[in-house]
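Have a look at the structure below, then the notes.
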Amino acid sequence: MASIKDVATEAGVSVATVSRVLNDHPSVSADARTRVLAAVETLGYRPNAVARSLRTDQTHTLGLVISDVMNPYFTELARSVEEEARALGYSVIIGNADERPDLQDHHVRNLLDRRIDGLLVSPTDGGSPLMLDAARGGTPMVFVDRWIPGVDVPVVRADGRAAVRDLVAHLHGLGHRRLAIIAGPAATTTGSERVDAFREALAEYGIPLPDTYIGQGDFQAESGRRVTEGFLDLPEPPEVVFAADNLMALGALDAVRARGMRVPDGIALAAFDDIPWFVHTDPPITAIAQPTGELGRAAVRALVDLIEGRPPESVTLPARLVVRRSCGEPAPPEPPPAQSPAVRSPVRRSHS
């Protein structure tokens, strides 16, 4: 029976190229793809995943534990992970932690029991003993979006500090001075990092961030609603609420509307983690966008490098500010009315 090495030899390419062709990876040239498919047909090669697993002690399966599948950010992240893994010859089993450390450990334990080849995790907390044992015990692992400080594991994430600084500069330019934040859990790196970045950016403009303007959320919508209600009850409510993730921003929007107020007339709203829905709210929400698809693909590549014995790389990509109209930005100018095509009168010819 022909092997993948036989196919590579017949086609005059590497084994990795054959794997990419068989998994429909877009990076392969048309010529190489044609030669590989011809070699597969000539040799009658058929991949056998079970036999491959027994020979190599690999299942070609990755585990992905995400923090909240209901969060559109993590849904998009999971999709990009699955697509890139499939292109590289791996399947993915997904576990949803629902922002609960106990559920995170449940999924990690089950995935390890299934003999996955490697694990992608967006940690829900500072690291349970199970997570730390897996990371330090030789399980190929990559942290994506969030990470556990002090654990020697590749990290693929976005750096939002510059984008938060851009947001604060934007709000300052609009005349806002009382700015509040709905923070994520302090036990997560993204939760603490976004508050720190916000505080530092405000300090550059001499704007304080009092404790009353820091509301503790949990990256879910209900906490955004609850914290915003507290802000609105203050003797001097903030002019702007910055929600540290998209679900908390939607909760904040619900709280404002429940008071019969409008964004941005009653209070302005901005969010971290842009999502497609934000362009459809009234008004569209100003947000910080992460390169979610790129993060998912980079995380898979780092994990596969680790599994296949190549040195993996940590990756940090920049987030960016997307300005819309939820913070009092001027509306875009109305397009000029369409001009009707000129109607030409028929030419009357005189007859002599």
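Here are the numbers for the structure shown:
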item: Estimated 222 nm signal from helices in the chain, with DSSP H stretches of n ≥ 4 weighted -39500 (n - 2.57), rounded to 500; result: -13000 deg cm²/dmol
item: Segment Arg199-Leu174, length gained on full extension (0.36 nm per residue, minus Cα span); result: 7.2 nm
item: Nearest-0.05 FRET efficiency for Val69 and Thr281, computed from C-beta distance (R0 25 Å); result: 0.70
item: Percent of C-alpha pairs per 10 Å bin, the range 217-278, short to long; result: 25, 59, 15, 0
item: Dipole moment magnitude, nearest 20 debye, the chain about Cα centre, only Lys, Arg, Asp, Glu C-beta charged; result: 1360 debye
item: Sites Glu222 and Leu22 - FRET efficiency at Förster radius 41 Å, r taken between beta-carbons, to 0.05; result: 0.35
item: Where labels lie 7 Å past Cα in the beta-carbon direction, separation of Asp102 and Asp6 in nm; result: 5.4 nm
item: Choice from Ala249, Ala169, Ala298 with maximal GNM fluctuation in the chain (Cα, 10 Å cutoff); result: Ala169
item: Extension gain (nm, one decimal) between Arg86 and Ser314, 0.36 nm per residue minus Cα-Cα; result: 80.0 nm
item: The chain: most fluctuating residue of Val28, Val151, Val227 per GNM, C-alpha cutoff 10 Å; result: Val28
item: Accessible area per residue, Å², the chain with all protein chains present, probe 1.4 Å; result: 50 Å²
item: Total charge dipole magnitude, the range 54-107, about the Cα centre, Cβ charges on Lys, Arg, Asp, Glu only, Debye to nearest 20; result: 260 debye
item: Added length on full extension, which subtracts the Cα-Cα distance from 0.36 nm per residue, Ser29 to Ala186; result: 51.8 nm
item: Among Gly224, Gly309, Ser192 the positive-end extreme of the charge dipole of the chain (Cβ point charges); result: Gly309
item: DSSP-loop trypsin sites (Lys or Arg not before Pro) across the range 259-306, with at most 15 other Cβ within 10 angstrom; result: Arg259, Arg262
item: Distance between the range 10-30 and the range 229-276 - C-alpha centres, whole angstrom; result: 50 Å
item: Part-to-part distance (alpha-carbon centres) for the range 66-88 and the range 111-156, which is given in Å; result: 17 Å
item: Protein accessible area in the chain, 1.4 Å probe - carbon and sulfur %; result: 51 percent
item: Most mobile of Ala203, Ala289, Ala255 in a GNM of the chain (Cα contacts under 10 Å); result: Ala203
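The values are calculated or read from the model by the stated rules, or taken from the named source; none is laboratory data. All values reported here derive from a predicted model rather than from experimental measurement. No Cβ is skipped: glycine too gets one built from the backbone with ideal geometry, and neighbour counts run over all protein chains shown. What goes into the accessible areas is simple: the full protein's heavy atoms, side chains included, and nothing from ligands, DNA or RNA. Shrake-Rupley method; radii C 1.70, N 1.55, O 1.52, S 1.80 Å.
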